[in-house]
Each structure stands twice: as C-alpha cells, then as structure tokens.
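Here the structure comes first, spelled out in structure tokens, and everything after it is commentary.
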Amino acid sequence: MIIPRLAYESLRSRKFTGGLTVFSIAFSVLLLVSVDRIRQGTQVGFEGTLSQTDLVVGARGGSLPLLLYAVFHIGVANNDISYEAYQHFARHPAVLWTIPLSMGDSHRGFRVVATDDNFYEHYRYRGNHAIQLAAGARPEGIFDAVLGDTVASELHYRLGQKIVLSHGLGGSFLKHTANPYTVVGILAHTATPVDRAIYITLWGDEAMHLGWEHGAPPLQPIPASQIHKSDLHIGTISAFLLRTKSRMSTLFLEREINTYKAEPLTAIIPALTLQDLWGVLSAADIALSLVSGAVLVVGLLVMLTALYTALNERRREIAVLRALGLRTRQIFALFVLESSLISAAGAALGVAGAYGLLFAVRVPVENHYGIPLVMVSVSSRILYYIAAVIGSGALLGFIPAFRAYRNALVDGLNAG
Amino acid sequence: MTSPVPPAVHLRDVVFGYDRRTPVLQVDELVVEAGKRVFLYGPSGSGKTTLLGLITGIHQPQRGSCMVLGKELTNMSMPARDRHRGSEMGYIFQSFNLIPYLTVRQNVALPCQVHERRRRRMVAPTVREEVERLVRRLGLETRLDRGVRKLSTGEQQRVAIARAVIGKPALVIADEPTSALDADRRQAFLDLLFEVCQEACATLIFVSHDRSLMERFDERLALGEISRMGA
C-alpha cells in the first residue's frame, strides 16, 4: 500500500500543477461527454415527445419537415390538407384514433395548435404518459384556450385570462384583436414541445379566421358574440396523427395514404423519420467529437509535460526510495499510478461537470429552442471514454516512469 | 572455542565499471568487521558512492564477490538485493535525504512500512510508537507532523538518522552526511549517530572526505588503498 500512498502524497504536494493538469483533462472530458450526452439526451427527448402514434400525415412534401412542424413545432407547413381527407382516414376501418392538428397562429412567440378532444384522449408521450390538466378544463367553447405548462409559467397567465392571438408565426402585426380567447385550462408539465404551445379547438381556429380572404382580415371583424358553431365549417387542417388498430396495418395504410388519389398526402412513420434526422445531425456530432478528442489529446500532453518536467527534481527522491529498498518496478508503478490518478480525477471531474452543465442548461435549452433535452444516465460509450482517458493517462505515465527507471539505474545512490 | 563472527562486508576481486570496458573501481579485498565504526575517505570523484552502490547491491560488479551481511549479492536477483538493502541497511545521504512531500513521521516510518523484517525488530509495539520513540530520542518530538521542507538542515539530518536506524538494520551507511554542517554541529551529529548505531547494534560505514572526523572511528580506510582505480 506504500506506492498508492506515496503517489497520493506526491500529487498533493504538487497541488497547483497537478490541479491544472486535472483541470485540463476534466475540461476535455467535459466537452466529450457533453457532446455525447446532449446528442443522446436530444434523441431520447425527441423520441419521447411522441409515442403510440403510428403515422403522421400532412400535405405532400418532405417527411422530415412534416415531422418537425407537426410534432416538434419547428418550421411551418407548406400546404394544408382538407378536412374531408382527414375524415376519410379518421373513419378508415384500420384506424384506431386520429388527432387533427391545425397550426399557423401564435401568441407572443408560442405556437397555437387547434385540435379536438382526441388530443386530450389519445396523445401519448414517453411511453404511456397522457396529457393531464394541471388546472381548469379542456376547451369547449369557440374562444377557449388551454396553455402548455411553459406558456403559463413564462407569461404568468392564470385561468380566466383573456389573450389575443397573432396571425402567423413570429410576432405578426396582424392580431386577432376582435376575438380574444379565454384561458380555461393549463396543462401539466410534460417536458415536451406540448409545454410550449397554446391549444384551441378547431372551431376556434375557424372562428378566428372567419371573413378572412386570401390571408387578409375582413374590414369589419365579426364580434365573438355573433359567432356560433353552426356558422362554422372546418375546411382544412395542417396535419394529423394516426394510430392503427393493428401495427401490421401501418405499412399498408402508409402506402394507401401516400397514393391517395383525391389529394396529395404524405404519411410518415415518426420513428423512421427521426432516424433520418439523426443521420443529418451525425456529421455535426462527428465534428464536435473530433474537436473534443483533440482537446483531450492536448490535456493528456499537458499531463505528460508536467510529469516529465518534474523528473529532474525527483531524481533525489528516487535515489532515496531506492536506498530504502523500493524496487525499480515499484518506482515505475509510482509514476504510472500518479498519471493514472491524474487522469482518473480529470475524468471524474469532467463527467460530473458535464452532468452539472446538462442539468443547468436543460430547462433554458428546452424553453428557448424547443429542443427537449432529457437527463440520460451514464452510457457504455461514456464508460468507454472514461476507460480510454484513464488508460491513455496510465500509458503516458510509462514515458516518465521509464525515464525515472533509467535515471535510477544510472544514478544509483548518487542523490546529491 | 567460539566461531568467529562473519564480517559485515567482505568484497573480493571486485571490478566494476558503468561501461564494461572502463572499470571505475577495482577492489582486491575489503573487509568491514561487524559492529565496527568505519571511516571511509577519499577525494571527491574517487568512487566512494560507487563503492557504496556495490555494498548496497544497487550496482552489480562485472567480476568478483560481494558478501554483505551474510549474503552473496552477486548471486541475488535485483528484487532480492533491493529487499536485502531495505530490510538490513540504513542509508543517510549527504543532503536532500528526505522525501520532500512527506512529514517527519511519514519519512521515518517508511522503512518499516516497506519491510516486514524492519517491523519485527522494532522496540515499540507499533510503527507509530517506534517513530515517536526515535524522534523523541533525537529531540525532534515537536516536529513530528511537520513537512520536512520546513526543517533546518541539522534537523533534516537527524530525521535521516532516525529513518536509517528504525527497525534496527545491521548496517548503517552514511554518505558524506556532515558536509552541509558546521564544525560544532558535525561533532554533535556524529555523537548522535554513534549512540543510535550502538543502540541498534549496527555496523557503521561513514564516508567523508573530511579527515578531521576520522579519529573518532574504530577503523579508517582510504579508498585509494582499497581500489586500484580510486587512487
């Protein structure tokens, strides 16, 4: 046990240089682990946003944009689909349930999603989690709105509050001021893009645009009191989510939708399209990992330099240890153990730092960019990184150790 | 008739060079009797430390026999020689004697922590108590848990004595230990070294180029007379 003790005390006596070395390794491990954790955290977050949905259907177009705007509220729909086409597939014998989604308006940077009761009944995330109301009730009236958890907390909205929605996304100057909506419910936290949206009814979406022609508001807006459901006709929606009665029919239904003669539609299997997304992102991931790897190499070289430059002042120490009967093998072990301890401390600090950072940025990233970032546990890849860092640290320790061993043989007891 | 006590060190026909073709030390015979206090002197660079390297088994001669404390070092492997050195010999350097990052207590305790045989020969029951006993004996009890960098040169040399004699080694080697001390401290250091070596019943080989100390030793050996190369 004398060698670990000596290694520990020796490192402790060189707190400053040792600390700097540990810090440089920790920093590179932090980068490496953060890149990996953010990637996996985002994947888990994205994958957890939607579950139990077999197909996402929208107007003919790219599969990735459809998934992004329909589920993650990123980007916009180029075209709408007719409500008739939606109803056709909603009533399809192979379909268990559908959730219509109509998007295009916003409120202070948050998306407005028009949907119906199916959303509250059937929408599932992270396995079997259903949408819950933290306060109030589902929207029943035309001008009722339900807020996602983040919308309510960030804007400090309460039940009964009147809100004015904007036409289009990103703070349009066209506001539906004539018909303010009333907050009737607030959803419980889901840690998905649901938290960042305002939900109204499909009727509400139609009512808001009543009298609009070619994207322009009517000169004389119709007051809310004069609008009734019987006057409204749901013409189009942006997309819909669909679950089949049997998983076996998913592929068959996907083809049927994609070849639907009455209207050009696109149906996608969300999990498969997500794989495409990871494919797109993997190039950025590789670039970041390469940079982190380079930083790690620099960190390890700093350690090698620190150990190597300390060698000359340690020649006397080694002579004393040899006089005390320590074998050259043990002196070798002392150096290798020191470098292993430095790299192990660096790796531990780096991983802890990465998780601390992830924990700290998780909420702001989700709130500002809408990217769901889930705290994921240490994966085998991270364990591999840690092993590689400690392993390379130990291996690099062999260089000064070998030099110390050679010195010890040449110096003998000549400690002066 | 009692059997004669074997010498602590007996070197015969020893030839050693760092490079095989250029020997730096050539000793026909060197005998150090057990229990004696021997003064080994010679000018700087004459090979004194090299000779100590042979006695301690750090170096292996190219030729000859090195019988030290009853063991033929030339027949032993390097790890066996390391063990023999650590468990049977105490070593005091000229300066920079101590492991700089350890305290007085940790420095003195080291030989006992490395070698079981040194632990078995302790006077006190535990390493901790043995260290305290020795350190008190050398007047350093107030410095026990202090880092050795904070000690004066004289104090450091006393700690080195304690570390050399803990666990009663049979042979204590001091390589120019007084060269950094003034005349008064040199005598006091020698007094202390003799006392503790006597208590430990250890043979003492004291190397110095300062002949003013040689009168106090049982035997005096000039390296020039021992080694044909060291003259």
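Readers should treat all values here as calculations from the given coordinates under stated rules, not as data from a laboratory. The shown structure was predicted, so the numbers you read here are calculated from the model rather than taken from an experiment. Heads up, the Cβs are rebuilt from the backbone with ideal geometry, glycines too, and the neighbour counts pull from every protein chain shown.
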Net charge near A:Phe398, counting Lys/Arg +1 and Asp/Glu -1 over other residues with Cβ under 15 Å of its Cβ? +2
In the protein assembly as shown, lysine pairs with alpha-carbon atoms under 22 angstrom apart (chain gap of 8 or more, or interchain): 9
10 Å Cβ neighbours from other chains, averaged over peptide A:323-336: 5
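Mind putting a number on the dipole of the protein assembly as shown about its Cα centre? Charges go on the C-beta only, +1 for Lys and Arg and -1 for Asp and Glu, and I need it in Debye to the nearest 20.
Working: 67 positive and 56 negative charges, 557 e Å.
It comes to approximately 2680 debye.
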Taking the Cβ of B:Cys66 as the center, what net charge do the other residues with Cβ under 11 Å away carry, scoring Lys and Arg +1 and Asp and Glu -1? +2
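Can you sort A:Asp144, A:Asp80, B:Asp19, A:Asp117 so the residue with the fewest Cβ neighbours within 10 Å comes first?
Numbers: A:Asp144 20, A:Asp80 17, B:Asp19 7, A:Asp117 12.
By the 10 Å Cβ count, ascending, the order reads B:Asp19, A:Asp117, A:Asp80, A:Asp144.
For chain B, what is the Kirkwood estimate of the hydrodynamic radius, computed as the reciprocal of the mean inverse distance between distinct Cα atoms, to one decimal in Å? Write out the running numbers ahead of the final one.
Values: mean 1/r = 0.0554 Å⁻¹.
After inverting the mean inverse Cα-Cα distance, the result is 18.1 Å.
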Dimensions in Å of region A:55-268 - Rg and Dmax from alpha carbons: 16.9, 52
Of A:Gln40, A:Val22, A:Ala7, farthest towards positive along the dipole that unit charges on Lys, Arg, Asp, Glu beta carbons give region A:3-48: A:Ala7
Positive-end residue, region A:55-268 charge dipole about Cα centroid, Cβ charges, pick of A:Leu232, A:Ala152, A:Leu253: A:Leu253
Near the amide H of A:Gly104, under 5 Å away, which other amide H atoms are found, from residues 5 or more places off or on another chain, if H is placed in the peptide plane? A:Val112
Rg to Rh ratio, region B:85-144, alpha-carbon atoms and Kirkwood radius? 0.95
Rg ratio (alpha-carbon, reference 2.2 N^0.38 Å) - the protein assembly as shown: 1.62
Could you please tell me the mean projected area of the C-alpha convex hull for region B:17-92, averaged over all directions and given in square nanometres to one decimal? 5.7 nm²
Hey, got the average number of other protein chain Cβ atoms within 10 angstrom for residues in B:166-178? 1
Per residue of B:97-108, what is the mean number of Cβ atoms on other protein chains within 10 angstrom of that residue's Cβ? 4
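Could you tally the net charge around B:Leu144, taking each other residue with its Cβ under 11 Å from the Cβ of B:Leu144, Lys/Arg +1 and Asp/Glu -1? It would help to have the intermediate numbers written out before the result.
Details: positive: B:Arg105, B:Arg128, B:Arg136, B:Arg143, B:Arg146; negative: B:Glu132, B:Glu141, B:Asp145.
Neighbour charge sum, excluding B:Leu144 itself: +2.
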Taking every pair of Cα atoms in region A:232-278, average 1/r, invert it to obtain the Kirkwood radius, and report Rg/Rh to two decimals. 1.03
